[in-house]
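What follows is one structure encoded as structure tokens, with my remarks underneath.
The values are calculated or read from the model by the stated rules, or taken from the named source; none is laboratory data. In this text the structure is predicted, and so the values were computed from the model without any measurement. Please note: Cβ atoms are built from the backbone with ideal geometry, for glycine as well, and neighbour counts cover all protein chains shown.
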2 protein chains.
Amino acid sequence: MLIGIGDDAAVVEPEKNRVEVLSVDALVEGVHFDRTFTPPQAIGHRALAANLSDLAAMGAAPRLCLLSLALPPALPVGDFDALIEGIAALARRHRVHVAGGNLTRSPGPLMIDVMVSGTAKRRQLLTRNGARPGDELYVTGRVGAAAAGLAMLKADPSAARSETNTCTAQYLYPEPRVRMGLLVARNRAATAGMDLSDGLADAVHQIARASGVGAVVEAEAVPVEPSAREWFSGHGDDPVTAAITGGDDYELLLAVRPRLARRLTAAERHGGVVLTRIGVCTEAPSVLLKCGRGNEQVVPLPGGFHHFR
Amino acid sequence: MLIGIGDDAAVVEPEKNRVEVLSVDALVEGVHFDRTFTPPQAIGHRALAANLSDLAAMGAAPRLCLLSLALPPALPVGDFDALIEGIAALARRHRVHVAGGNLTRSPGPLMIDVMVSGTAKRRQLLTRNGARPGDELYVTGRVGAAAAGLAMLKADPSAARSETNTCTAQYLYPEPRVRMGLLVARNRAATAGMDLSDGLADAVHQIARASGVGAVVEAEAVPVEPSAREWFSGHGDDPVTAAITGGDDYELLLAVRPRLARRLTAAERHGGVVLTRIGVCTEAPSVLLKCGRGNEQVVPLPGGFHHFR
């Protein structure tokens, strides 16, 4: 970092023999979060987490971020401080430098735009289009927690205060899989990767489309967060469908050549998160879900979750 | 550009022997523009221009940008296309690659965040803190046009359709001084630089503070746009005060060692814009305006323009 906040722009020295990976993501009040049940610290955390997750999905090491905040005049100063601290705490944990930013007022909703810049070795970049028929599909962590957490918070805003609720914690303070993304990119275990910000089902569709393959996901193999499963079942939803179409899980979907699968073991040991095999890429172009007892039913994999709808 | 729109993030190869210069700026409807008299193409143009101006003020060559748009559901598709075209046309002109972006809906105002990345040689960076007592202050182009143009548009929204009105054209389609910024940075003519997005007076204050100097600006020397002067006078305002405290002029303020002033001539010839000497940096820390007939009055230089107020 040569020049930080205070001049017309931030200045950094590029890293040698690395390409630069850039991503931008926005959180808009009323679209991506509801201030009645999302503490300001969580809003800040999620804004940066979404971007770190994009870098993780490319196998890039995050380096710095720029913020752009549009703040409603009624935002209490304490909330502003907490929001910044939410960003800063996650940034510190991942050694991301907050290099600059822009602050303006908003006559409407609170909006946060975060731009992150990271680096990767060119040959180790994890794109969406490298999957081949026969590659196995793995997902990090558990899915469905964020969608269930959001539903729980909508039903009972005070749930945000419970630190023991896995689902609300996952929704409010998702952990971007930066380390795992780096490890599988560096050891070339993965042929394609993407994050699940719009849901697991959407990610499978996207990797299949970008790579020109089909895919079969096994419903029974999908690692649905147990308390989310319970919540969905209790509300009359099929837990797997709800989990794979719900948004805001910042896990990674990875395609892996079967002969390289052992490299995942090493990544799993150092990556701090479990990997679960959920399916396989196919030559046939359809993207399917095997479900029912003993996987006897095969249906098209549902679409993903889109904030824009 | 190795990977553009379509993957989780954009990927670029850094330029050798260059540092990277990053800036982010937001335009928020109701704060920075009014859709009733700002054509969508101008909104897009201004969003990118503000950022290119920040790079120009650092002496950096722009390279790529990332966009983040929050769109109200009622925005007509044609307006969206025109907005994007406003960004794209200016980007093409400056060979800036639109490397990626993010699109979301807004339950309130239209918001555009633009992040630009550029490059510069480390030793040629133009910062705010290099001015020394005795350095002369120069400004590019003419000032006050944007503020007058905004006032004209507020008074008569149909003025936006006139292409012969210098003031409204300057407000709607400001020309960032990218080339001039590069030239004075490369030939090391300038010791400090800043853009005038918050007004000339604010820029003088900022450079003086960052450099630890004072400054004296001569009111008579300030190149106020003639039609803006006329407008301000006709509305009972002192033209110089209105021009130097008005925002949205994307000109550059430069501090220049007197013995290097001849280098400005070369920059002026190739930079496509006139440079005017408006004052000098002083040892005494006050920031003053000489005004009145024959400069006999000396008053504190007024403050700048802040959207946040």
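Here A:GLU268 clears all of (1) out of contact with any His (no Cβ under 6 Å at 6 or more places or on another chain); (2) buried (at least 21 other Cβ atoms within 10 Å of the Cβ) except the condition numbered (2). Would it be correct to say that B:GLY141 is at positive phi and either at pLDDT 95 or above or among the small types (Gly, Ala, Ser) (or both)? Here the answer is yes, as B:GLY141 does meet what is asked. Selection of the range B:182-193 for residues being in a loop (DSSP other than H, G, I, E, B) and either outside the structural domain of B:VAL280 (by TED's automatic domain parsing) or not aliphatic (A, V, I, L, M) (or both) yields B:ASN187, B:ARG188.
Scan the range A:153-171 for residues that are touching a residue at least 40 places away in the same chain (Cβ under 8 Å) and under 13 Å from A:TYR250 (Cβ atoms) and the total you get is 2.
In the range B:113-120 there is no residue matching the filter, namely being within 14 Å of chain A (Cβ to nearest Cβ), crowded, with 20+ Cβ neighbours inside 10 Å and over 20 Å from the mean Cα position of the chain (by Cα). Of B:ALA242, B:ALA267, B:ALA261, B:ALA203, all but one fail to be within 14 Å of another protein chain (Cβ to nearest Cβ) and part of a helix (DSSP H, G or I); the exception is B:ALA203. Restricting the search to the range A:95-112, which residues are surrounded by fewer than 24 Cβ atoms within 10 Å (Cβ to Cβ) and in contact with a helix residue (DSSP H, G or I) (Cβ under 6 Å, 6 or more places away or on another chain)? Listed by number, the list holds a single entry, A:VAL98.
Does B:PRO76 fit the bill of being in contact with an Asp or Glu (Cβ under 6 Å, 6 or more places away or on another chain) and either within 16 Å of B:GLY193 (Cα to Cα) or at pLDDT 95 or above (or both)? In short, no.
The criterion of at least 3 residues that are more than 8 Å from every other protein chain (Cβ to nearest Cβ) and either crowded, with 21+ Cβ neighbours inside 10 Å or within 16 Å of the chain's Cα centre (by Cα) (or both) is met, among strands (runs of 3 or more DSSP E) falling completely within the range A:1-84, by A:61-71.
Of the residues making up the range A:190-220, those that are touching a helix residue (DSSP H, G or I) at 6+ places or on another chain (Cβ under 9 Å), surrounded by fewer than 22 Cβ atoms within 10 Å (Cβ to Cβ) and of a type outside the set (Asp, Glu) number 1. Please verify whether A:PRO174 is in contact with a Phe, Trp or Tyr (Cβ under 7 Å, 6 or more places away or on another chain) and touching a residue at least 60 places away in the same chain (Cβ under 8 Å), treating the condition exactly as stated. Yes: the conditions hold for A:PRO174. Looking only at the range B:271-299, filter to residues that are of a type in the set (Gly, Ala, Ser) and outside any strand (DSSP E or B); which one of those is surrounded by the most Cβ atoms within 10 Å (Cβ to Cβ)? Result: B:GLY271. Of all residues in the range A:161-181, how many are assigned to a helix (DSSP H, G or I) and surrounded by fewer than 24 Cβ atoms within 10 Å (Cβ to Cβ)? The number of residues fulfilling the criteria is 4.
Scan the range A:193-229 for residues that are farther than 17 Å from A:THR276 by Cβ and of a type outside the set (S, T, N, Q) and the total you get is 9. Per the conditions (1) modelled with pLDDT of 90 or more; (2) among the small types (Gly, Ala, Ser); (3) buried (at least 20 other Cβ atoms within 10 Å of the Cβ), the sole criterion not satisfied by A:GLY236 is (3).
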